[in-house]
Amino acid sequence: MPSDILFEHPDWSVMPQLPNNCECAWTNGDGLVVSLNHLGEDKGLRDRMSDVKGVRDHYRAGFAKQGMGLIECDVIDVEGVRAVRAIGKVILQPTRAAYAGTIALPLPKESYVLKVVAEEAGITGMRETAVMLKVSTELEKQGFTLDLPPDDGSNVNKAPIVWRNASTGALLFWTQDPYDPEIQCPCLRNMADASEHDSGFPQHPLGRVRTALQCLTQGIRLSPELKKRAEGKKRWKFW
């Protein structure tokens, strides 16, 4: 039930008219919307909640089916109930990016999902360009140089951006999965997606999504009934 989850934060207010297919929704002065969905059992996620790697693999695979890449994913505590906080990224045509943040509570027989989405608008790529210049300058001081592939004039199978250290042979990639460097997918997290760059670009959608998720973790209130259901029914064993 919607009353099982309340969200109280000075920057957010309940929407009187709900978006389609959600139990409740909140909006802020920045125009973002947090939606709440009450769904059926998510056994695949719940069975992995004691294994952070398993949770991240689960979300990575789920995002990939939607053409998205994993930015970050962690298991958190929401008023004593284990939950997942995750952010995914998708590239929209021609060059815009959109970011989706979620907090999910997979209970024994049901699940709750809170979601917020923000898209790039206007001039894009400013954050990536600024971070690229900063990273290149810092890495040059450490002996790294940008290892550019030969330009054959095509964009087919374009090689990834990488810095190479001639002395040590070490490689640093601009894009890389946040938890498994061996994984390759069309929409990988890049260095500019790190949270340390959010303060320099307060209107970038990724930073706005992170701020919204932070507000959620601070302002979510769970009903006593939901907390009881989260514990599950205790089964007596007679052997």
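The values are calculated or read from the model by the stated rules, or taken from the named source; none is laboratory data. Predicted model only: the values in this text are computed from it and were never measured. Neighbour counts are summed over all protein chains in view; Cβ atoms, including those assigned to glycine, are modelled from backbone coordinates with ideal geometry. Keep in mind that these areas ignore ligands, DNA and RNA; they rest on the heavy atoms of the full protein, side chains included. Shrake-Rupley method; radii C 1.70, N 1.55, O 1.52, S 1.80 Å.
The combined condition, being of a type outside the set (Asp, Glu), at pLDDT 95 or above and farther than 19 Å from residue 214 by Cα, is fulfilled by residue 52. Scanning region 47-67 for residues that are in a loop (DSSP other than H, G, I, E, B), under 14 Å from residue 106 (Cα atoms) and in contact (Cβ under 8 Å) with a residue 12 or more places away in the chain yields a single hit, 49. If you go through region 104-126 and keep only what is at pLDDT 95 or above and part of a helix (DSSP H, G or I), you end up with nothing.
When region 70-86 is filtered for residues that are free of Cβ contacts under 8 Å to residues at least 60 places away in the same chain and either surrounded by fewer than 14 Cβ atoms within 10 Å (Cβ to Cβ) or among the aromatic types (Phe, Trp, Tyr) (or both), the ones remaining, listed by number, are 74, 77. When you scan region 173-180, do you find a residue that is in a strand (DSSP E or B) and open to solvent by 60 Å² or more (accessible area, probe 1.4 Å), even just one? Checked region 173-180: at least one residue is in a strand (DSSP E or B) and open to solvent by 60 Å² or more (accessible area, probe 1.4 Å).
Residue under question is residue 70, and the condition is that it be closer than 30 Å to residue 188 by Cβ and touching a Ser or Thr at 6+ places or on another chain (Cβ under 8 Å); does it hold? No: the conditions fail for residue 70. Residues in region 58-69: is at least one of a type outside the set (Phe, Trp, Tyr), open to solvent by 60 Å² or more (accessible area, probe 1.4 Å), within 30 Å of residue 228 (Cα to Cα) and modelled with pLDDT of 95 or more? No; the residues of region 58-69 include none that is of a type outside the set (Phe, Trp, Tyr), open to solvent by 60 Å² or more (accessible area, probe 1.4 Å), within 30 Å of residue 228 (Cα to Cα) and modelled with pLDDT of 95 or more. The combined condition, being farther than 22 Å from residue 203 by Cβ, of a type outside the set (Asp, Glu) and either out of contact with any His (no Cβ under 8 Å at 6 or more places or on another chain) or open to solvent by less than 70 Å² (accessible area, probe 1.4 Å) (or both), is not fulfilled by residue 33. In summary, residue 90 fulfils each of the numbered conditions (1) assigned to a loop (DSSP other than H, G, I, E, B); (2) closer than 29 Å to residue 55 by Cα with the single exception of condition (1). Looking for something farther than 17 Å from residue 190 by Cα, open to solvent by 40 Å² or more (accessible area, probe 1.4 Å) and touching a residue at least 12 places away in the same chain (Cβ under 8 Å) - is there at least one such residue anywhere in region 90-106? Among the residues of region 90-106, not one is farther than 17 Å from residue 190 by Cα, open to solvent by 40 Å² or more (accessible area, probe 1.4 Å) and touching a residue at least 12 places away in the same chain (Cβ under 8 Å), which makes the answer no.
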